[in-house]
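Worksheet: the structure to be examined is printed underneath.
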């Protein structure tokens with residue numbers, strides 16, 4: 001039987017391994033691994049060239065899983081992602097040819113550059129871990145981790161992601177430009193050979209499902225469940241928010257807090273787990289009103305304001 005300590009150790013090994021490629025982004029790498037073990041989907045935001053694609057590739061290599069990359073473009077069709085049924089003349093029947101969505105780690109690069117029709121083809125895989133083509137459902141491999149990258153919406157040729165799809169991303173992590181020290185290290189390390197070429201598997205992909213199980217058993221006190229729900233509910237009543245976070249967001253916040261506790265070696269969650277993850281779990285789900293919609297980091301500031309106003313649950317005896 002897999003213990004929580006095994007899971008915690010595996011998560012830290014993956015983080016350490018990925019940091020051999022993605023330097024100076026420790027908190028973002030940890031967030032990605034937390035999302036993986038919380039069985040969620042990850043949205044990476046940032047301008048081109050800051051390591052979004054490389055982070056997804058590094059995660060796939062670290063768990064020894066299959067990796068497929070889909071370059072989102074305006075002419076990308078849903079069948080280019082999910083697969084298609086073709087007629088087999090030898091067998092006189094239709095045969096399903098799986099698309100690139102059938103992999104352990106799937107990277108949809110620049111997801112906001114493809115049309116809403118193709119974006120919607122990802123809803124079923126993200127939520128139900130399956131694809132339905134011509135009335136037949138096909139299960140995706142286990143584990144399945146969808147990572148999408150998004151360039152800033154003000155860039156030319158982008159389509160805003162619909163609210164229903166944003167809500168299916170458990171976490172949104174922003175990758176900014178590295179500081180000068182990290183940038184210098186990045187250039188120096190890649191002059192002769194890219195470090196991802198030497199990246200080794202540290203956890204087998206077939207073991208990820210087993211290692212995820214103890215995360216679900218991490219204790220979440222009733223007061224912390226209420227705290228997560230209160231944070232989500234508060235976003236709906238904020239004057240600058242047109243559409244607040246959904247019940248799915250409260251579940252994602254709770255599950256991610258379990259994984260955050262696990263990576264820190266605890267079998268119980270704390271208010272700090274929820275507070276640390278609330279911005280990355282909730283901010284991308286908010287639809288703001290008027291001019292606030294165009295303000296940089298406005299949603300993040302609203303989440304921080306909410307955390308400052310709401311009382312933090314106490315009672316150490318119940319938490320442990």
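Quick rundown of the values:
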read-out: Set 318, 295: member being modelled with pLDDT under 95, surrounded by fewer than 20 Cβ atoms within 10 Å (Cβ to Cβ) and touching a strand residue (DSSP E or B) at 6+ places or on another chain (Cβ under 9 Å); value: 295
read-out: Positions within the range 101-134 being in a loop (DSSP other than H, G, I, E, B) and crowded, with 17+ Cβ neighbours inside 10 Å, in sequence order; value: 101, 102, 103, 104, 110, 114, 121, 122
read-out: One residue from 281, 229, 312 being in a helix (DSSP H, G or I) and closer than 29 Å to residue 12 by Cβ; value: 281
read-out: Test result for residue 49, out of contact with any helix residue (DSSP H, G or I) (no Cβ under 9 Å at 6 or more places or on another chain), at positive phi and surrounded by fewer than 17 Cβ atoms within 10 Å (Cβ to Cβ); value: yes
read-out: Strands (runs of 3 or more DSSP E) contained in the range 9-91 and holding at least 1 residues over 17 Å from the mean Cα position of the chain (by Cα), touching a residue at least 24 places away in the same chain (Cβ under 8 Å) and under 26 Å from residue 121 (Cβ atoms); value: 67-71, 83-88
read-out: Residue satisfying condition, being modelled with pLDDT of 85 or more, under 30 Å from residue 235 (Cβ atoms) and assigned to a helix (DSSP H, G or I), within set 215, 147, 173; value: 215
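The values are calculated or read from the model by the stated rules, or taken from the named source; none is laboratory data. Every value quoted in this text rests on a predicted model; they were computed, and no experiment measured them. All Cβ positions, even for glycine, are placed from backbone atoms using ideal geometry, and neighbour counts span all protein chains on display.
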